[in-house]
Amino acid sequence: MEFSWGATEVKAHELVDAIVEITETGASLRANKLRIIDTLLVSTPRLIANHTSWKNGWKRKKIETMALLLRGALEAETKVGLKMNIARKNLANLLQTLPALRNPTISNLSQEGWVAAETIIDEHIVRELIPALKAAGAEGIIEYPSIKWFTEPGSMISPFLLTNCSNRREGVLPKSYGARTALSARLFR
């Protein structure tokens with residue numbers, strides 16, 4: 001058995017008969033004409049804070065905020081936003097069709113008798129939902145990716161995620177907690 005420190009899938013053809021590799025999608029393995037024959041372990045990421053930092057109120061608040069934002073980003077992976085315009089006279093019919101966490105957001109348009117409706121939904125239902133929205137009278141329907149999704153008021157991380165590993169100086173945490181994400185939208189006329 002040999003340890004490999006990176007690009008293991010590239011070395012597999014010439015150096016070994018089999019490899020054990022951590023993979024998220026398997027794309028790099030497929031690109032190197034390898035196939036997964038067995039899953040040895042499924043792992044999940046963990047947010048870890050040291051005990052001293054957790055006891056410090058300022059740091060704990062920052063850690064809880066980071067956890068909240070990370071959970072929001074993960075939840076958003078399966079969500080999309082929908083925006084649309086509809087004549088006010090058709091709004092009641094649309095609201096029977098349009099799912100939402102509580103209720104869709106309704107805003108008046110500058111044109112009398114028209115409103116905009118907006119909601120966040122599970123991505124897997126969009127294909128079936130769009131025709132129903134059109135049938136209810138919706139126009140200018142836009143689907144856009146959800147960047148972060150927060151559903152539970154005040155939800156924060158639990159202390160059981162703590163372990164002793166931190167070398168951060170007092171009061172120093174990153175100002176930005178996520179990668180920038182480019183937005184794209186699809187317009188349904």
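The values are calculated or read from the model by the stated rules, or taken from the named source; none is laboratory data. Computed from a prediction, not measured in an experiment: that's the story for all the values here. Every residue, glycine as well, gets a Cβ built from its backbone with ideal geometry; the counts of neighbours run over all protein chains shown. SASA here: full protein model, heavy atoms, side chains in, ligands and nucleic acids out. Shrake-Rupley method; radii C 1.70, N 1.55, O 1.52, S 1.80 Å.
Candidates Thr97, Asn50, Ala87 compared by Cα position along the dipole of the range 17-159: farthest toward the positive end lies Asn50, with charges placed on Cβ.
For the range 1-108, the relative contact order comes to 11 percent (Cα pairs under 8 Å, sequence separation of at least 6).
Taking the Cα centre of the range 35-133 as reference, the dipole from Cβ charges on Lys and Arg (+1) and Asp and Glu (-1) amounts to some 560 debye. Using a 1.4 angstrom probe on heavy atoms only, work out the carbon and sulfur share of the accessible area of the range 1-71 in %. Its accessible area is 58 percent carbon and sulfur atoms.
For the range 1-156, lysine pairs separated by 8 or more sequence positions, or belonging to different chains, with Cα-Cα distances below 23 Å total 9.
Relative to the compact-globule scaling 2.2 N^0.38 Å, provide the ratio for the alpha-carbon radius of gyration of the range 1-137.
On the way: Rg = 24.6 Å, N = 137, 2.2 N^0.38 = 14.3 Å.
Normalised by 2.2 N^0.38 Å, the Cα Rg of the range 1-137 equals 1.72.
What net charge do the residues around Asp17 carry, taking every other residue with its C-beta under 15 Å from that of Asp17, with Lys and Arg at +1 and Asp and Glu at -1? Walk me through the numbers before you get to the answer.
Details: positive: Lys11, Lys33, Arg35; negative: Glu2, Glu9, Glu14, Glu21, Asp38.
Residues close to Asp17 contribute a combined charge of -2.
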